[in-house]
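Structure first, commentary second.
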Amino acid sequence: MNPFREKPSPVDAGLMDWSTVYARSYDKNEVDPYTKVRIILMNGTEYEAVWFSHQFHRHCPNNDLRRELALARRVEQQQQKRISCLKPIDETPLETTIGYEQLAVDLTAILAQREPDPYVVKVMQFALLEDFDHLYRYADLLDMEDGVHAERLVGSYTEIMPGRPTISEHRHPFDSVRRACSFKKAAPITKLNTSIITAAEQQTMNYYMNIAAFYKSDRGRKLYQEIGMIEEQHVTQYGALLDTKCTWLESLLMHEYTECYLYWSCFNDETDRPVKKIWEQHFHQELSHLHAAARLLQTYEKKEWRQVIPDGEFPELLKFGPQKEYIRDVLAGTVEWTADGEEFTDVRTLPADFRFFNYQRTVNARTAQVPSHAVIEDYLAEYGRDYRYEDAPHPVKALQDREKDNTRVGRTRSCTK
């Protein structure tokens, strides 16, 4: 599929009426978990498209161009509203959160395995273990407060057990900044991977920023606060990978290309027929946006779309599936990693006065008060053993004990394996 070779409809042909915008929600008890994951992914993709367009609008002095942005943005807003309400009314915020974290885990693992840039792979592996731990802690909260086992929600596709402990993930802001890619040199799939993961993590950050105040218990509100701060670190690191030298119009073209790619991937991967039809319709709407962006790039910067996306042909499509073995391998090899500027290192090799330890002493002054730790401690006090869904013993010996929450792995200079 090369979307630049497809014939687009006019952008305003994509405008929808209310009966179309408010589509039928899925049945949370029957839907395939990866359908939910795709819905969350595309909701985040549309969030990114809308907010990028707003920022472009606010930095653009040409009202003719701003009107073009406003038209496409209106369709993007309708798409986002349609996708968002595919979530049913009876799905709780915490059940939705399990879907967010399953997306973060499996999507990151998939992208990392197909990524040709070794540095980008490291960045993804680094955050992967942290989102994996978030899934575990939210799952324990869900079982403790609602009596729902998260393994049912993830369809047994994704294991649920500790990753790099959330308490160990809090780092000085200086260590969340990564090296930017050059989109003129990067492989097409690298440009897609970095764009996709940035949007996905940004949506998660936004969700936790907002949902924390509405959650039903203090314990849960605190957990959303804490993990929301880690998502801020993730969005900072992934956003840092994007090429800072791209113009606004070049970035617009890349955004629209990414949306076309993802909708086409979702259409080909989807098993739910009504949702599959939505992906197909949205793909054709995005085709019109992509061709409009190419026209604007030509009009205002005298550049061809090939100067930004040389071939245009989609690389391998995104297809969801279990990533258990890969995640176990990453856990075994990198659970003790932390960041040192733009690079990664074993936390046990850092000097005692490194800023990571100073930041930890400030933010996590009292271990017992750290929400992610307190959730597991509360669960252990009530049930004796934590909630997990694992196919085999944990690949990291220090994280195998189900009667204790390890707060030293990835956080201290002493050997923990």
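Selection within segment 356-381: residues that are out of contact with any Lys or Arg (no Cβ under 8 Å at 6 or more places or on another chain), closer than 27 Å to LEU142 by Cα and β-branched (Val, Ile, Thr). The member of this set that is surrounded by the most Cβ atoms within 10 Å (Cβ to Cβ) is VAL370.
For beta carbons closer than 6 Å, sequence separation of 6+ or different chains, a first residue in segment 103-120 that is over 13 Å from VAL154 (Cβ atoms) and a second that is hydrophobic (A, V, I, L, M, F, W, C) and assigned to a loop (DSSP other than H, G, I, E, B), the qualifying pairs are PRO116/ALA187. Cβ-Cβ distances below 9 Å connect the following pairs, each with a first residue in segment 33-60 that is under 25 Å from LEU297 (Cα atoms) and open to solvent by 30 Å² or more (accessible area, probe 1.4 Å), a second residue that is in a helix (DSSP H, G or I) and of a type in the set (Lys, Arg), and a separation of six or more residues or different chains: HIS54/ARG73; HIS57/ARG66; HIS57/ARG73. Taken over segment 188-223, the criterion of being among the small types (Gly, Ala, Ser) and open to solvent by 40 Å² or more (accessible area, probe 1.4 Å) is satisfied by ALA213 alone.
On inspection, LEU86 qualifies as open to solvent by less than 10 Å² (accessible area, probe 1.4 Å), closer than 20 Å to SER265 by Cβ and in contact (Cβ under 8 Å) with a residue 24 or more places away in the chain. Among residues of segment 140-162 that are modelled with pLDDT of 95 or more, those with a Cβ under 6 angstrom from a residue that is of a type in the set (Val, Ile, Thr) and surrounded by fewer than 19 Cβ atoms within 10 Å (Cβ to Cβ), sequence gap 6+ or separate chain, pair up as LEU142/VAL148.
GLY384 passes every criterion in (1) open to solvent by 40 Å² or more (accessible area, probe 1.4 Å); (2) without any contact (Cβ under 8 Å) to a residue 24 or more places away in the chain; (3) of a type in the set (Gly, Ala, Ser) apart from (1). Would you check if there is a residue in segment 108-117 being on the phi > 0 side of the Ramachandran plot, over 19 Å from the mean Cα position of the chain (by Cα) and open to solvent by 30 Å² or more (accessible area, probe 1.4 Å)? No, because not a single residue in segment 108-117 is on the phi > 0 side of the Ramachandran plot, over 19 Å from the mean Cα position of the chain (by Cα) and open to solvent by 30 Å² or more (accessible area, probe 1.4 Å). Among the conditions (1) of a type outside the set (Asp, Glu); (2) part of a loop (DSSP other than H, G, I, E, B); (3) open to solvent by 10 Å² or more (accessible area, probe 1.4 Å), the only one that VAL235 does not satisfy is (2). Residues that are under 16 Å from the mean Cα position of the chain (by Cα), on the phi < 0 side of the Ramachandran plot and assigned to a helix (DSSP H, G or I) do not occur anywhere in segment 284-295.
Does THR345 meet the test of being assigned to a strand (DSSP E or B), within 20 Å of GLU169 (Cβ to Cβ) and free of Cβ contacts under 8 Å to residues at least 60 places away in the same chain? When the stated conditions are applied, THR345 passes them.
The set of residues from segment 198-215 being in contact (Cβ under 8 Å) with a residue 60 or more places away in the chain and over 26 Å from ARG178 (Cβ atoms) comprises ILE211, PHE214, TYR215.
The values are calculated or read from the model by the stated rules, or taken from the named source; none is laboratory data. Just so it is clear, the structure is predicted and the values come from calculations on it, not from any experiment. Neighbour counts are summed over all protein chains in view; Cβ atoms, including those assigned to glycine, are modelled from backbone coordinates with ideal geometry. We work out accessible area using only protein heavy atoms, side chains counted, and drop any ligands, DNA or RNA first. Shrake-Rupley method; radii C 1.70, N 1.55, O 1.52, S 1.80 Å.
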